[in-house]
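Rule-based calculations on the coordinates, nothing more; no lab input. Just so we're clear, the structure is a prediction, and the values are computed from it rather than from any experiment. Cβ sites come from the backbone with ideal geometry, for glycine too, and all protein chains shown count toward neighbours.
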Amino acid sequence: MSFSRRLFTFSSVIVVVLILAGAVYLKLSGSGGPDSGEGTTNSAEVPEISATGSFATNVAIPVEGAMVVRDTLVISVSAAAQSAAERLVKVLAQVEGQVLAVRVAENDPVGRGRLLILIDSTEYALAIARAEANLARTQADYRERTLFDDRIQDPRIREERERAARAKSGLDEAEVALREAQLKAERTRIRAPFAGRVASLRVVPGQTVRPGDELLTVIDLDPIKVEVQVLESEVGLLAAGRRASISFAAFPGETFLGRIATINPMVDSTTRTAKVTVTVPNPEGRILPGMYARVSLEARKFAERVLVPRAAVLERDRRTMLFVFEGEGRTGLAKWRYVTTGLANDSLVEIVPNPATDMVEPGEWVLVDGHYTLIHDARVRLVPNVRDAGGRPQ
């Protein structure tokens, strides 16, 4: 009996396990069926993703543009240069003495004739007094020698006696000695030779100076000159009076205008260059001698040329091309055109007619920034600045 009871219990457990397993199976099969409304994912409801859909191709790309113009193309010659003072004088001591006063400081503006330095003139004042006394003595001697010469009728004899009296009395020598003493005394007062600015002041009050000692420098900064070394092959393109554009390393982003003053006819045999001097207005004295500069000299002019900015011209497949903007307002399409270029300078390129390429016309707009990776018919938007508009400057 005991054995039968255990067998019955074991069989019952197996039946229950089988029933539960079947229920679980049916449950799982039902949830995955086509009629089930929960936990299903319909492939028709998933949005289709493509390379095209992942990039909004209808969004206008920000670009910068410039108008095609018909104008005069100026071919320039560019070269390194250095500024120099138009006039520069090193003022030297002409007499010996102690410096009593220095009336100026470096960079002070001075007018012509202004007193700059005062040297002790006591010794020279005494020399003037001695010369005047000597002159008075010789004048008395001269008068004694010519006392009755007015009675001589022959003017030639009177003239000859006067010359002899002046020589014997020492009157001529005394007059020269007085002028010399006066000149030395005047040279104790150092004055500006012309209007300009003080530079390189080398003396202080109390210092003793001797003839030839350098005291200071006076420079004229307006106008200032810029000396350019131009290759011999380019000198023939230049002429005095033509314009020049100068940029200084000391003033980045700023351009100064000047004119060619002189062209040295001598070519340096070592560098094969000739010196061209450009004058630049400098009323505020900002440009100082010795500043490094880059100069663009106007060389030749070609009138009535169709011109585009250099930045507009690209090269694709070894061919020259550019993008022309077509549209209304600020939004439109970038149209790819192959073109033929002619003459060019640092900023502009001439577009010339050619049966094998396209042409651009004055008044059309060409793209000059943000356009390097564009394709034909790309949708674009003209903006003043690509970076500010969120684009990529290129």
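The table below gives the values:
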item: Gain upon complete extension [N107, R151; 0.36 nm per residue less C-alpha separation]; result: 9.3 nm
item: Hypothetical label at Q98: residues of the range 186-205 whose amide nitrogen lies under 20 Å (7 Å Cα-Cβ projection); result: 186-190, 202-205
item: Backbone N within the range 293-316 under 16 Å of label point (7 Å from I75 Cα along the Cβ vector); result: 297-306
item: The range 83-159 and the range 194-231: distance between their alpha carbon centers, rounded to Å; result: 25
item: Gain upon complete extension [D388, A356; 0.36 nm per residue less C-alpha separation]; result: 7.7 nm
item: FRET efficiency for F251 and T320, using Cβ-Cβ distance with R0 set to 51 Å, rounded to 0.05; result: 0.90
item: Ordering of 231-241, 280-290, 299-309 by burial proxy (mean other Cβ atoms within 10 Å per residue, highest first); result: 299-309, 280-290, 231-241
item: Potential lengthening between R161 and M67 on full extension [0.36 nm per residue; Cα-Cα distance subtracted]; result: 24.6 nm
item: Relative contact order (%) - criterion: Cα under 8 Å, at least six apart; region: the range 61-132; result: 24
item: Straight-distance crosslink candidates among aspartates and glutamates, where the alpha carbon sits under 20 Å from K335 and sequence neighbours closer than 8 are dropped; result: E64, E315, D317, E326, E350, D358, E361, E364, D369, D377
item: Charge tally in the Cβ shell below 10 Å around V203, where Lys, Arg are +1 and Asp, Glu are -1, V203 excluded; result: -1
item: Ranked list, fewest to most other Cβ atoms within 10 Å of each Cβ, for F323, F248; result: F248, F323
item: Size of charge dipole - the range 92-217 - debye, nearest 20, with Cβ of Lys, Arg +1 and Asp, Glu -1, no other charges; result: 260
item: Residues in the range 83-98 reached by a label modelled at R202 [backbone nitrogen below 20 Å; 7 Å Cα→Cβ]; result: 85-98
item: Ordering of 312-321, 362-371 by burial proxy (mean other Cβ atoms within 10 Å per residue, highest first); result: 362-371, 312-321
item: Per-pair calculated FRET efficiency, R0 = 51 Å: E132 and T271 via Cβ, rounded to 0.05; result: 0.30
item: Along each principal axis, Cα extent of the range 92-217, largest first, Å; result: 66, 27, 18
item: Under 5 Å, built H, 5+ apart or other chain: amide partners of V349; result: V308, R310
item: Hits among lysines - C-alpha to C-alpha of K225 under 19 Å, sequence gap 8 or more where chains match; result: K90, K275
item: Computed FRET value (nearest 0.05) for R243 with I375, which takes r as the C-beta separation and R₀ as 56 Å; result: 0.85
item: Length-normalised contact order for the range 92-217 - Cα pairs under 8 Å, 6+ apart - percent; result: 52
item: Convex hull volume per residue in cubic angstrom - Cα atoms of the range 143-300; result: 281
item: Computed label-point distance, nm, for sites R143 and E180 using a 7 Å Cα→Cβ extension; result: 2.6
